[in-house]
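Asker: This structure is in structure tokens; I'll ask about it shortly.
Just so it is clear, none of the values below were taken in a lab; they were calculated from the coordinates. Bear in mind that the values here come from a model prediction, so they are computed numbers and not experimental data. Every residue, glycine as well, gets a Cβ built from its backbone with ideal geometry; the counts of neighbours run over all protein chains shown.
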Ligand code: PDD
């Protein structure tokens, strides 16, 4: 079955899915993206991702390419055409296509593309696949709250991790604190047993949708989260560590810069949060969302 992508109003074979060379996403990274997990035919945290898409676009004064209702329909249609049950949807909105000029061109409309990817969400296997993390300097701009496709610092960070046989890079800001992962939020259980993650204030990190869901779940379960920045040195001594993102979900971390975290396996709190998140993402569809079950 051919893979199908969505490009500017058309469902096209993946091999022919392209935008113009003068698309501003291509030339300037003048664009926004979102990644949404599809679990059991259900789009996890769909509304949170669409909220963030709208916010990122408005921060860059790029118009929403179509009403939210229509985006929901396109996502479901793409999932249906690809007969996907588990995986993710990647969507990107650029300011559009125009002759190269830094300032906003007049009279263009946004480009909008969507692709789906296959994945498996075996919780137990993912808990066992404990990850290695390395730290790198955070080379990014000051608007890290915007989910921009200007990802070169993250590309370099992730490659630096891969070069050392690690899965993720935790980036260190100019003040010496871990900001976040190259494509995830960073969490530790500190020496006192507190669950700690960095606050999202001052646009210093991306407000992860998975992070938000974990906050709500922790509130419900009366698990306290301390929002404060932490250093790599503190993370080396943490009892547990993990990352959160739409694709990696809750990924246990067993080693940071060669320092073993806890006993090097998925910690108890991490495992509990993983289970809570999976129950929430898989089994508790919000009322506005119907379960989509492609045959
Ligand atoms: N990345 N921080 C950064 C820098 C990210 O790129 C991401 C997500 C997150 C976690 O956000 P969320 O929980 O909403 O996925 C935090 C996506 C998955 C990516 O770039 O592929």
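Asker: Between the helical axis of 209-221 and the dominant principal axis of the chain, each derived from Cα atoms, what acute angle in degrees is found, rounded to the nearest 10?
Answerer: Value to nearest ten degrees: 50.
Asker: What does the convex hull of the alpha-carbon atoms of region 4-120 project to on average, in nm²?
Answerer: Reported value for the Cα convex hull: 7.1 nm².
Asker: Using only alpha carbon pairs under 8 Å that are at least six residues apart, calculate the relative contact order of the chain and give it in whole percent.
Answerer: 19
Asker: Something else: So what is the calculated 222 nm ellipticity per residue for the chain, using -39500 (n - 2.57) for each DSSP H run with n of 4 or more, over all residues, to the nearest 500 deg cm²/dmol?
Answerer: The per-residue figure over the chain is -8500 deg cm²/dmol.
Asker: Also, quick follow-up: Using 7 Å Cα-to-Cβ label points, what is the residue 102/residue 29 separation (nm, one decimal)?
Answerer: Result for the modelled spin labels: 1.6 nm.
Asker: Still on this model: For the chain, just the Cα set please: Rg and Dmax, both in angstrom.
Answerer: Every Cα atom of the chain included, Rg and Dmax give 19.3, 58 Å.
Asker: Continuing with this model, one more query. Starting from the Cα-Cα distance between residue 11 and residue 142, subtract it from 0.36 nm times their residue separation and give me the gain in nm to one decimal. Could the numbers behind the result be given before it?
Answerer: Numbers: separation 131, 0.36 × 131 = 47.16 nm, distance 3.60 nm.
Length gained, residue 11 through residue 142: 43.6 nm.
Asker: Relative to the longest principal axis of the C-alpha atoms of the chain, give the angle of the C-alpha long axis of helix 152-163, reported between 0 and 90° and rounded to the nearest 10°.
Answerer: Tilt of helix 152-163: around 50 degrees.
Asker: Considering only the chain, what is the antiparallel percent among its DSSP beta bridges, to the nearest 5? Intermediate values should be presented prior to the final figure.
Answerer: Values: 44 of 55 bridges.
The answer is about 80 percent antiparallel.
Asker: Cα axis of helix 46-59 to longest principal axis of the chain: angle in degrees, 0 to 90, nearest 10?
Answerer: 70
Asker: Let me ask something additional. If you stretched the chain out fully between residue 220 and residue 47, how much longer would it get, using 0.36 nm times the residue separation minus the C-alpha to C-alpha distance?
Answerer: Here the segment from residue 220 to residue 47 would lengthen by 60.3 nm.
Asker: What is the list of residues in region 53-85 whose amide nitrogen lies under 17 Å from a point 7 angstrom out from the Cα of residue 151, following Cα to Cβ?
Answerer: Of the residues in region 53-85, 53, 56-57 have backbone N under 17 Å from the label point off residue 151.
Asker: Based on the Cβ-Cβ distance of residue 20 and residue 123, what FRET efficiency does E = 1/(1 + (r/R0)^6) give at R0 = 41 Å, to the nearest 0.05?
Answerer: Values: r = 42 Å, r/R0 = 1.02.
Working from the Cβ atoms, E equals 0.45.
Asker: Please report the antiparallel percentage of the DSSP beta bridges confined to region 124-282, to the nearest 5.
Answerer: Given both bridge residues lie in region 124-282, the antiparallel proportion sits at roughly 60 percent.
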